[in-house]
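Notes for the one structure printed next.
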Amino acid sequence: MSDLSTTKVARTRSGYRIRIEGRGSMRESPTVHAFASHVLDSEPGAMLIDLSACENLDSTFLGCLIDLHRRYGSQIPPRFQLAA
């Protein structure tokens, strides 16, 4: 397992996609949470978090994902989604 992490952000037709490569840890959590919250509070569209290249998630990053899901995942259509 690598100690390196990369966070990539891309604009999509329906909103944004954030791809976490390597580890999802407390280092990435504040930035991902702040960006996703800002975008979802200020713009229409959806946020997809792509974890397909993520090797490990720590409890802080999982908490970030849970908070985003609680705030934005229950809307119809869902504005927050995870892709594993």
- Message: Is it the case, given these coordinates, that residue 51 is among the hydrophobic types (A, V, I, L, M, F, W, C), in a loop (DSSP other than H, G, I, E, B) and touching a residue at least 12 places away in the same chain (Cβ under 8 Å)?
- Response: no
- Task: Output the residues belonging to the range 9-33 that are surrounded by fewer than 15 Cβ atoms within 10 Å (Cβ to Cβ) and within 10 Å of the chain's Cα centre (by Cα).
- Result: 9, 31
- Task: Filter the range 54-84 down to the residues that are of a type in the set (S, T, N, Q) and assigned to a loop (DSSP other than H, G, I, E, B), then identify the one that is farthest from residue 29 (Cα to Cα).
- Result: 75
- Message: Tally up the residues in the range 1-23 that are polar (S, T, N, Q) and touching a residue at least 40 places away in the same chain (Cβ under 8 Å), please.
- Response: 1
- Task: Determine, yes or no, whether residue 26 is touching a residue at least 12 places away in the same chain (Cβ under 8 Å) and outside any strand (DSSP E or B).
- Result: yes
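Answer with yes or no whether residue 83 is open to solvent by 10 Å² or more (accessible area, probe 1.4 Å) and touching a Ser or Thr at 6+ places or on another chain (Cβ under 7 Å). Don't jump to the end; show me each part of the working.
Working: open to solvent by 10 Å² or more (accessible area, probe 1.4 Å): yes; touching a Ser or Thr at 6+ places or on another chain (Cβ under 7 Å): yes.
Yes.
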- Message: Checking the condition β-branched (Val, Ile, Thr), in contact with an Asp or Glu (Cβ under 8 Å, 6 or more places away or on another chain) and at pLDDT 95 or above, which residue from 20, 49 passes?
- Response: 20
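The values are calculated or read from the model by the stated rules, or taken from the named source; none is laboratory data. Remember, it's a predicted structure, so these values are computed and weren't measured experimentally. Positions of Cβ are backbone-derived with ideal geometry, glycine not excepted, and every protein chain shown enters the neighbour counts. To get the accessible areas, we keep the full protein, side chains included, count just its heavy atoms, and leave off ligands, DNA and RNA. Shrake-Rupley method; radii C 1.70, N 1.55, O 1.52, S 1.80 Å.
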